[in-house]
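What follows is a short report on a single structure.
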């Protein structure tokens, strides 16, 4: 194949992939309605795969999961490494930045971070020891986890109470 034809074909393929990922318009000479239907089917497949890989995150978000994932998926493509687990980790980061991350999802993200290392391409299994922690806002707990080769994982949940002011009781109040 001639180099200019190869380049032209690669550009057309990239345009089609962007359209199927919902990141660009339909290429010329393609049926826009069919492309949109295929894009919707791929988005549902991606959402279901993430829900299987991150069940606590999905459950914690409840009915808001679809709406929030749709907003995330409109701005982010699936990472090349790690599949739905890496996609879910990127979604969890996005939720955390937008202050939408539930405590159950924080614990699930902590477990993933304990076992995998994040790279720009996605998730890669960890080989050495790891120490991670997260603060659970709603239950006011600090969760610390350590993973050591041959010794396994150990988790610790520490209550983090807020100091209550002392209330002075006068003789009149008794």
Worksheet entry | Odd one out for residue 70 among (1) surrounded by 13 or more Cβ atoms within 10 Å (Cβ to Cβ); (2) under 30 Å from residue 105 (Cβ atoms) | (1)
Discussion item. Six or more apart or on different chains, Cβ atoms under 8 Å: show the pairs whose first residue is in the stretch 23-34 and touching a residue at least 24 places away in the same chain (Cβ under 8 Å) and whose second is in a loop (DSSP other than H, G, I, E, B) and surrounded by 14 or more Cβ atoms within 10 Å (Cβ to Cβ).
Written reply: 23/77
Practice prompt. Check whether at least one residue in the stretch 114-121 is modelled with pLDDT under 95 and either over 28 Å from residue 157 (Cα atoms) or crowded, with 19+ Cβ neighbours inside 10 Å (or both), and report yes or no.
Written response: yes
Worksheet item: Can you name the condition, by its number, that residue 172 falls short on among (1) touching a helix residue (DSSP H, G or I) at 6+ places or on another chain (Cβ under 8 Å); (2) part of a helix (DSSP H, G or I); (3) at pLDDT below 95?
Response: (1)
Discussion item. Which of the helices (runs of 4 or more DSSP H) found entirely inside the stretch 1-73 contain at least 2 residues meeting this: at pLDDT 90 or above and at negative phi?
Written reply: 32-53, 55-61, 64-73
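The values are calculated or read from the model by the stated rules, or taken from the named source; none is laboratory data. The shown structure was predicted, so the numbers you read here are calculated from the model rather than taken from an experiment. So basically every Cβ, Gly included, is an ideal-geometry build from the backbone, and we count neighbours across all protein chains shown.
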